[in-house]
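Structure first, commentary second.
The values are calculated or read from the model by the stated rules, or taken from the named source; none is laboratory data. Note that this is a predicted model, so its numbers are computed, not measured. Backbone-built Cβ (ideal geometry, glycine too); neighbour counts: all protein chains shown.
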Amino acid sequence: MFKVLLYIFGVILTSIGLFFIIIYLNLLTMGYSFLEFVKFISRRGEVWLLVVGIICIVFSLERRIKNELLLRHNIKLGRKQGI
């Protein structure tokens with residue numbers, strides 16, 4: 001349940017961050033160079049929500065393969081012992 005909520009939270013933060021990046025693209029039409037644009041958006045807190053949202057999504061999709069392999073191994077041993 002925690003991973004589902006973390007995934008939803010990450011999607012919301014990523015959406016907000018992308019929304020503000022698209023809004024700030026108007027600065028390019030006002031005469032900003034691309035380097036100035038990148039410097040500007042890297043200093044804005046709203047854009048960092050994109051990074052935090054992607055990190056939340058990655059952590060929510062992370063799987064612990066060691067535990068899955070351990071469970072598969074125990075199931076095989078259980079079948080051999082007649083459990």
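The table below lists the values:
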item: Test set (1) loosely packed, with under 12 Cβ neighbours inside 10 Å; (2) at pLDDT 90 or above - R79 fails condition number; result: (2)
item: Lone qualifier among L27, L50 - being modelled with pLDDT under 90 and hydrophobic (A, V, I, L, M, F, W, C); result: L27
item: First in segment 16-37 and in contact (Cβ under 8 Å) with a residue 12 or more places away in the chain and within 13 Å of L49 (Cβ to Cβ), second anywhere and charged (D, E, K, R) and surrounded by 14 or more Cβ atoms within 10 Å (Cβ to Cβ), Cβ under 7 Å, 6 or more apart; result: I16/E46; G17/E46; F20/E46
item: Some residue of segment 40-47 being at pLDDT 85 or above, under 12 Å from the mean Cα position of the chain (by Cα) and of a type in the set (A, V, I, L, M, F, W, C); result: no
item: Segment 22-39: number of residues that are more than 30 Å from L6 (Cβ to Cβ) and either among the β-branched types (V, I, T) or assigned to a helix (DSSP H, G or I) (or both); result: 9
item: Members of segment 40-58 that are assigned to a loop (DSSP other than H, G, I, E, B) and surrounded by 13 or more Cβ atoms within 10 Å (Cβ to Cβ); result: R44
item: Number of positions in segment 1-15 that are part of a helix (DSSP H, G or I) and either in contact with an Asp or Glu (Cβ under 7 Å, 6 or more places away or on another chain) or farther than 15 Å from L50 by Cβ (or both); result: 7
